[in-house]
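Taking it in order: structure first as structure tokens, then the write-up.
The values are calculated or read from the model by the stated rules, or taken from the named source; none is laboratory data. Note that the structure is a prediction, hence the values are computed from the model and not measured. Using ideal geometry, Cβ is built from the backbone for each residue, glycine included, and neighbour counts are taken over all protein chains shown. Protein only, heavy atoms only, side chains kept; ligands, DNA and RNA dropped before computing areas. Shrake-Rupley method; radii C 1.70, N 1.55, O 1.52, S 1.80 Å.
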Amino acid sequence: IGTVSSEAAAVLDSARSERVPFVSIGPRHGDEKQRELLGARCFLFLSSYQHEAQPLVLYEAMSAGCVPLVWNAGWVGEQMCRVGLRNYVFPIGDVNGVTAALSGIVSMDEETFSELSSRVQTAFEKLQEETSTQYKRIIA
């Protein structure tokens with residue numbers, strides 16, 4: 001859904017060498033991005049930028065039931081933990097951990113992945129509801 005950093009390329013190369021079946025895509029925008037996320041099992045966001053804030057694409061992925069796999073850069077780890085996805089947050093540079101998670105997700109049978117996808121989507125919707133309620137209280 002975006003450009004591939006050298007770090008992400010290392011994860012993809014590692015996954016390929018372990019014969020993990022996946023498809024890597026480049027930049028997507030608008031409806032095309034949404035279609036890709038709806039059809040994907042996971043989304044790699046492997047940034048090492050120490051001031052990474054709150055990438056909206058992670059919420060877009062979660063809302064589509066797509067599991068984000070991230071490095072704990074900036075506020076990204078906290079963002080993921082707030083929706084209960086701590087297991088998909090890895091130390092910066094942890095190629096092996098991300099590769100193992102990617103392998104686990106793509107090898108899930110449809111029923112198991114559907115359950116995970118629903119949990120991700122539900123967790124995002126709960127956070128969205130809580131945030132909306134807090135905002136309404138503030139502006140009231």
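Overview of values
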| quantity | calculated |
| --- | --- |
| Extended-chain gain in nm, criterion 0.36 nm per residue less alpha-carbon gap, Thr133 and Arg119 | 2.9 nm |
| Accessible carbon and sulfur surface of segment 1-122 relative to its total accessible area, %, 1.4 Å | 48 percent |
| Estimated 222 nm signal from helices in the chain, with DSSP H stretches of n ≥ 4 weighted -39500 (n - 2.57), rounded to 500 | -17500 deg cm²/dmol |
| Heavy-atom accessible area per residue - segment 1-97, 1.4 Å, Å² | 53 Å² |
| Spin-label zone in segment 48-65 - amide nitrogen under 13 Å from a point set 7 Å from the Cα of Cys81 along the C-beta vector | none |
| Among Ile105, Ile92, Ile25: highest mean-square fluctuation, GNM of the chain, C-alpha pairs under 10 Å | Ile25 |
| In segment 6-48, trypsin sites (Lys or Arg not before Pro) in a DSSP loop with at most 13 other beta-carbon atoms within 10 Å | Arg19 |
| Degrees separating the helix 30-39 axis from the principal Cα axis of the chain, which is the longest one | 70 degrees |
| Cα gyration tensor shape of segment 1-120, rounded if a/c is under 1.5, else prolate or oblate by comparing a/b with b/c | rounded |
